[in-house]
Ligand code: ADP
Ligand code: MG
């Protein structure tokens, strides 16, 4: 906290002093451009670097902010303290629209939607001449009068730069808070984020809105910088340059945008005489930074200071361990059901292009019991898990949660009701630490919202502290406290399985669905996982356990359902199932096939 104030004071002093160092109007104009571009790049970094959504149309939001403020102040005579927020607001609203239109689009498809958006805005700016003046532009866009009269260059620089500093502080708070953590989480695994209760659609929209609002704010400042505004500034090229600013500096870092912005704002001036080649030069920078500095300039520099970084990680780990509270019990991570029957599935069916992966399966899962789901590979177990957790919508049949119909409910809704799960193919947030993975699991229990993140309020910090302590307690129960500050992807496989269970327990489930939790784990780890499941059952949890490890299944399960070719072939206690000739046949048949194909 203290350090942050010192840095902020230094930055403010630097902003104040820069014009005195080199008082040329050209330099100060460049500083203005840098500050307003920085605001845009900050927002784009949040979207691309944190939530992993690529925008190739950010010039569109920049343009909407510029015309929104430029036109309302010129034509309607609105004062700037109204028109500038209005410009940012228009951009924010269109950000929400673009996000809504592209919810189902990912990767290259999302990039196409944003390109299309940028192109539409560019065409409007260019062709709707009666409003925008097209390439000839509009003149007489007012300049702000800060201290009465028309503001001079330096005053306007101060305005933009101090707003940029405020935006930086706000974005730094957002990134350092649950907001940034959630964006990073669904940027890495949407499905895992959903199953701990994150409504990924709404969060994507939120990321777009914040990002577009910042682009619009930068655009609004741009509109008033020169007193005129034409459509040449809002091309696809601008979108690319903004992206170069994010990527060259380093996506997903805080220092990256400032470095990147400096590069993209300064280089065109340095290379003014090579103007014709500037896009090629930027392309070269982009490629070079992707190849040689995959983490950007900021990431590259931090590699140099790795020693410092390691020291910091060790200190953080020590801090985390000092936090361990004595009072945490695994039992605190169990929600008791309102009735003994937690979830039931009736005649579930799932078709994959003619293949019936699940065919008429009935299931009834009770609290305080472990229900096994076994069967040969490809018999439909994971598909059943995906159906009841809301990942797939059944082709036919229904799902009931404590008497309520929940067929087709999204995974985050099932999580809110009390169902969460792990994955056969691990779905950790690999670039988050173990502790952060668990903190994302607490998503639904956090109360503080956006303003708490933005201003890093006392209430938010206290809440965060409380959940950190709980996360550390949960991790130490699972023997993972020593790894709390490691990146999840750096853990051994068996430990990753345990982290996924820890994250699921943070949801405080009524029903925990485990899809092959012991796959790839060592025998001591399997022992640990078995013990944990046993203790959870004793605490009242309902567990659906998909597993191949027969010892584990026989030891833990109260009831077992056996699938073969998508159909239920047997159900009962472990002893009943073990002696059922149909089960023996299904497994033997499977092994014969496996043996005959050399498995
Ligand atoms: P299990 O978990 O029991 O090994 P799965 O539920 O993963 O089995 O798969 C059951 C069958 O459904 C398999 O034949 C598999 O190839 C098929 N299947 C599973 N998921 C899909 C999918 N998303 N698209 C097409 N086929 C699928
Ligand atoms: Mg499976």
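Where a number appears in this text, it was derived from the coordinates with a stated rule and is not lab data. Note that this is a predicted model, so its numbers are computed, not measured. With ideal geometry, Cβ positions are generated from the backbone for all residues, glycine too; neighbour counts draw on all protein chains shown.
Angle of helix 25-45 to the longest C-alpha principal axis of the chain, folded into 0 to 90 degrees and rounded to 10: 20°.
Per residue, the convex hull spanned by the alpha carbons of region 1-141 comes to 157 Å³. Semi-axis lengths, largest first, of the ellipsoid equivalent to region 133-223 are 38, 17, 8 Å, with √(5λ) applied to each eigenvalue of the Cα gyration tensor.
Alpha-carbon geometry of region 174-255: the Rg and the Dmax are 16.1, 51 Å, given in that order. Over region 89-246, the Kirkwood radius and the radius of gyration, each from Cα atoms, give a ratio Rg/Rh of 1.02.
Each of 442, 565 was scored by other Cβ atoms within 10 Å of its Cβ. Arranged with the fewest first, they read 565, 442. The length gained on full extension between residue 120 and residue 585, counted as 0.36 nm times the residue separation minus their Cα-Cα distance, comes to 161.1 nm. So, R0 is 35 Å and r is the distance between the beta-carbons of residue 404 and residue 527; what FRET efficiency does that work out to, to 0.05? According to the calculation, E is roughly 0.40. Translational diffusion of region 430-517, estimated by Stokes-Einstein from the Kirkwood radius over alpha carbon pairs at 20 °C in a medium of 1.002 mPa s, is 158 µm² per second.
Averaging 1/r over each pair of different alpha-carbon atoms in region 152-204 and inverting the result gives 13.0 Å, the Kirkwood hydrodynamic radius. Helix 278-292 and the longest principal axis of the C-alpha atoms of the chain enclose an angle of approximately 30°.
Could you work out the equivalent-ellipsoid semi-axes for region 476-518, taking the square root of 5 times each eigenvalue of the Cα gyration tensor, largest first, in whole Å?
19, 13, 8
Remark: 382, 344 ranked as 344, 382, counting other beta-carbon atoms within 10 Å and listing the fewest first. Projected over all directions and averaged, the alpha-carbon convex hull of the chain occupies 31.7 nm². With the simple model of a label 7 Å out from the Cα in the direction of the Cβ, residue 462 to residue 362 spans 5.3 nm.
With both labels modelled 7 Å from their Cα along Cα-to-Cβ, the residue 455 to residue 277 distance reads 5.2 nm. Counted residue by residue at 0.36 nm each, then reduced by the alpha carbon distance between them, the extension gain from residue 341 to residue 266 reaches 20.4 nm. Taking other C-beta atoms within 10 Å as the exposure proxy, 468, 413 rank 413, 468 from fewest upward. Once the Cβ-Cβ distance of residue 7 and residue 425 is raised to the sixth power relative to R0 = 45 Å, the FRET efficiency obtained is 0.60.
Return, ordered by residue number, the residues of region 387-412 whose backbone nitrogen is under 13 Å from a label point located 7 Å along Cα→Cβ of residue 351. Residues passing the 13 Å test: 394-397. Rg and Dmax of region 450-599, based on Cα coordinates, read 19.9, 65 Å.
Between residue 128 and residue 104, what FRET efficiency follows from the Cβ-Cβ distance if R0 is 30 Å, with the result rounded to 0.05? It would help to have the intermediate numbers written out before the result.
Working: r = 30 Å, r/R0 = 1.00.
Efficiency computed from Cβ-Cβ geometry: 0.50.
Sorted into 10 angstrom bins from 0, the C-alpha pair distances of region 390-487 split as 13, 33, 32, 19, 3 percent. Give the angle, between 0 and 90 degrees and rounded to the nearest 10, that separates the Cα long axis of helix 107-127 from the longest principal axis of the Cα atoms of the chain. Once rounded, one gets 30 degrees. Stretching residue 489 away from residue 166 to a fully extended chain increases their span by 112.9 nm, per 0.36 nm per residue minus the current alpha-carbon distance.
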